[in-house]
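Data block below; observations after.
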Amino acid sequence: QVQVVESGGGLVQPGGSLRLSCAASGSIFSFYRMGWYRQAPGNQRAFIAAITSDGSTNTANSVKGRFTISRDNAKNTAFLQMNDLKPEDTAVYFCMLAQLSREYWGQGTQVTVSS
């Protein structure tokens, strides 16, 4: 089994920054993909960014240039650096690990951007 736990959310003013962390544990194989998604009230869960174990990344156009995904393979941890945050970035942010055709999701961490 695989466990995924997000952390780092909180309240930030517009223009501020946050760094989210996603720690994975359990039966993790050498190749896997980790991704970040977000869901605002009344909206569907939306893709933000993903990174594979070999470092390939993919970022949604809506956050490109402001959000950066990275990872520490040795610690099975992914990060989402979020800069220049806007009120519309307010959402619950979820981390997902995909391996062997299965997906494992965390419980999410709330990010609120407000003055």
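Consider Q44 carefully, then state whether it is closer than 15 Å to G9 by Cβ, open to solvent by 60 Å² or more (accessible area, probe 1.4 Å), over 11 Å from the mean Cα position of the chain (by Cα) and not aliphatic (A, V, I, L, M).
So Q44 fails the test.
Please give the number of the condition F29 fails out of (1) at pLDDT below 95; (2) of a type in the set (F, W, Y); (3) touching a Lys or Arg at 6+ places or on another chain (Cβ under 9 Å).
Against the list (1) at pLDDT below 95; (2) of a type in the set (F, W, Y); (3) touching a Lys or Arg at 6+ places or on another chain (Cβ under 9 Å), F29 comes up short only on (3).
Restricting attention to segment 13-26, does a residue exist that is touching a residue at least 60 places away in the same chain (Cβ under 8 Å), part of a strand (DSSP E or B), open to solvent by less than 70 Å² (accessible area, probe 1.4 Å) and polar (S, T, N, Q)?
no
Could you say which residue among L100, L85 is at pLDDT 95 or above, over 10 Å from the mean Cα position of the chain (by Cα) and of a type in the set (A, V, I, L, M)? Walk me through how you get there before you give the answer.
On the way: L100 fails: at pLDDT 95 or above.
Exactly one residue qualifies, and that residue is L85.
Please go through segment 49-76 and pick out each residue that is out of contact with any Lys or Arg (no Cβ under 6 Å at 6 or more places or on another chain), part of a strand (DSSP E or B) and of a type outside the set (V, I, T).
Within segment 49-76, A49, N58, K64, F67, S70, R71, D72 qualify.
The values are calculated or read from the model by the stated rules, or taken from the named source; none is laboratory data. Please read these numbers as outputs of a predicted model, since none were measured by experiment. Note that we place each Cβ from the backbone using ideal geometry, even for glycine, and neighbour counts take in every protein chain shown. Surface areas here come from the heavy atoms of the whole protein model, side chains and all, with no ligands, DNA or RNA. Shrake-Rupley method; radii C 1.70, N 1.55, O 1.52, S 1.80 Å.
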